[in-house]
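The values are calculated or read from the model by the stated rules, or taken from the named source; none is laboratory data. Quick caveat, the model's predicted, so the values are computed rather than measured. Cβ atoms come from the backbone with ideal geometry, glycine included; neighbour counts cover every protein chain shown. Protein only, heavy atoms only, side chains kept; ligands, DNA and RNA dropped before computing areas. Shrake-Rupley method; radii C 1.70, N 1.55, O 1.52, S 1.80 Å.
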Amino acid sequence: MSSLWLEILYAHKQSSPLIIWTIAAPVFLMIITHLISTFHFHRIARTAKPGSEPPTAPYWLPGLYHLPGLMLGPSPYIQRLLNGYGSLAPFFFRAGPVRFLVVTDPSHIKSIFLASKQITPKTFHLTVFEKVLGLPKPAVEIYAADESKCKETKAVNFAHLTLNRKYMSGTALTELTELYVRALRKNLSRMNFDSRRWTTIEDIWAFFRREIPNATIEVILGPSILDMHPDIVGQFWAFDDNLQEYSRRLLRHALTTSPYAARDRILGSLKAWISSSQPEIPDTEAITKEAFWNPNTGSKLFRHRDSIFAGIPGMGLDGRASETLGLLQAANANTVPSTFWYIFEALKDDDLRHRLKCELDSHSDDILSICSSPLLQSMQSEVTRCRMATAVIRRVEADDVILAGRYSIPKGTTVLAFPSDSALNTEAWRKIRPQSVMRPLEKFWAERFLTHDTRDTGDESAEKNPRKDNSAMKYSTEGLNALHFTFGGGQNMCPGKAWAKNIQIATLAVLFTDYEVELIDVEAANSLIPPLRQTAVGTIKPLAKVGVRIRARSEQL
């Protein structure tokens, strides 16, 4: 930057001194600001005394700090900060007066997860409900209240936490997964893939974006909404693809092409469907005794939650529609891309594909057994480790918090941790589980989360190769919670983690059991994977269309 401005100054050497200094002064100010902020950053990062605040990452513009870079693209800009200063974290970055604290050290992340009452996601969740999901203001006020003083807030927390955990685990999750398998199989069978010839799918990413939500929406809400609104999947992606726009805190009319129209469209469809399928306020007690699923109103997960929201003053149809949209977003937004990568990795490695097929055959059609397979679970964790980019967002709600006995984090600070960054911390992974880095963290390795079951042998050697002794392997993430936390951690871990796992594994099971599937261009597969350390948060997409050919297995006809 400085050399460019020197060239400009040289080109204008005949100009008056006033013009020269008018051009030069801002440049010098930026350079001096960056030098001073860099000095202060390294001084505090290396010599901070206990109780000190973390340093602020170097910046060029006083007052604005990192705001210009964030406006040009928050995710890649934050990733550049991580690449440049992550080893010296925690550090602040600032958008004008607003500060955000980035943590990368596993001990700091563990401290945040353990302090679930002092450092919470509540403020972030309120922003999502209000800015992203369009929750009505009276409902937002209820959500923001203290549940010990407001019974409606307690009811909301019961629906969000207790019910989500109840229906996203155990036998309820198994029922949801079995419903998904049936729905996916039914939808794929309608495509009449022939066993005698290959059918080409030119863009499997687009194919999954259509077919997986078609099945998950049928499972969660029932097929009646798909009959009433056949384009509901397209409406969902039109909304989800604009998520960042909703949270920029811009006035609706300030946007040249309003993404709010997409949100209004799907909220309108959900309101119409809720009003039609449940014309009367649902009875919560009666729902608990009903069948788990019915075609008109879908799963008990949705019906039980919706009955709670329907009884809260200030929610109305608008609030219930926003909550339903949030449920669909949680069920699909990360699940669909990660399922694509799960299938992609299985298809591009012939040896892995063969072992997965053998694993599926050994479990017949028992979906609970399949989803408990060590190899399939390890591969799912590896996909979330290196093919997903999420963020853990918390806020210090109590008095100042001391982080790992060193830094003081002021009340009101927003704290950020990025799993995609921790996923590549080789030194930390080696320290906790040496065998996990037998292959570089930068490379996909399906067996990374397999460990030797020492209950019988007592052999805890870290040198064994998982591929040579699958019978003695078990799936484990023990000790890795501060390094592998794509779905959060502690008491605030996302309850949809098990759902995402089951959908990925179940989709693979349906495709590999009922069909033969191959990548059209296996040799080009690796070139379609985006480089690591490019984006801190967001959907990771293939760099170009991924084509496959598919045909039904003859024994399935």
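Data for the structure
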read-out	value
Flag for LEU61 being of a type in the set (A, V, I, L, M) and under 23 Å from the mean Cα position of the chain (by Cα)	no
Segment 504-528 residues that are farther than 16 Å from PRO337 by Cα and part of a strand (DSSP E or B), paired with ones that are open to solvent by 30 Å² or more (accessible area, probe 1.4 Å) and at pLDDT below 95 (beta carbon under 8 Å, 6 or more apart)	TYR515/ARG553; TYR515/GLN556; GLU516/ARG553
Criterion: modelled with pLDDT of 95 or more, touching a strand residue (DSSP E or B) at 6+ places or on another chain (Cβ under 7 Å) and in a helix (DSSP H, G or I) - qualifying residue of LEU347, LEU376, LEU328	LEU347
Selected residue [under 24 Å from SER276 (Cα atoms) and either under 21 Å from the mean Cα position of the chain (by Cα) or assigned to a helix (DSSP H, G or I) (or both)] from LEU179, LEU188, LEU184, LEU173	LEU179
Qualifying positions in segment 23-52 - closer than 14 Å to LEU88 by Cβ and not in a helix (DSSP H, G or I)	ALA48, SER52
Top-ranked residue of segment 41-83 - restricted to ones that are free of Cβ contacts under 8 Å to residues at least 24 places away in the same chain and of a type outside the set (A, V, I, L, M, F, W, C), ranked as nearest to VAL401 (Cα to Cα)	LYS49
Meets criteria (surrounded by fewer than 14 Cβ atoms within 10 Å (Cβ to Cβ) and part of a helix (DSSP H, G or I)) for ASP361	yes
Members of segment 285-304 found to be in a helix (DSSP H, G or I) and out of contact with any Lys or Arg (no Cβ under 9 Å at 6 or more places or on another chain), listed by number	GLU285, ALA286, LYS300, PHE302, ARG303
Segment 175-208, residues that are buried (at least 16 other Cβ atoms within 10 Å of the Cβ), farther than 17 Å from PRO295 by Cβ and of a type in the set (Ser, Thr, Tyr)	THR177
Qualifying residue in segment 333-341 (condition: in contact (Cβ under 8 Å) with a residue 24 or more places away in the chain, assigned by the TED database to the domain that holds ASN164 and open to solvent by 40 Å² or more (accessible area, probe 1.4 Å))	yes
The listed residue being under 30 Å from SER258 (Cα atoms) and not aromatic (Phe, Trp, Tyr), out of ARG190, ARG94, ARG185, ARG165	ARG94
Criterion: out of contact with any Pro (no Cβ under 9 Å at 6 or more places or on another chain) and either closer than 30 Å to MET71 by Cα or in a loop (DSSP other than H, G, I, E, B) (or both) - qualifying residue of SER276, SER269, SER258	SER258
Members of segment 400-409 that are open to solvent by 20 Å² or more (accessible area, probe 1.4 Å) and in contact (Cβ under 8 Å) with a residue 40 or more places away in the chain	VAL401, ILE402, ALA404, GLY405, ARG406
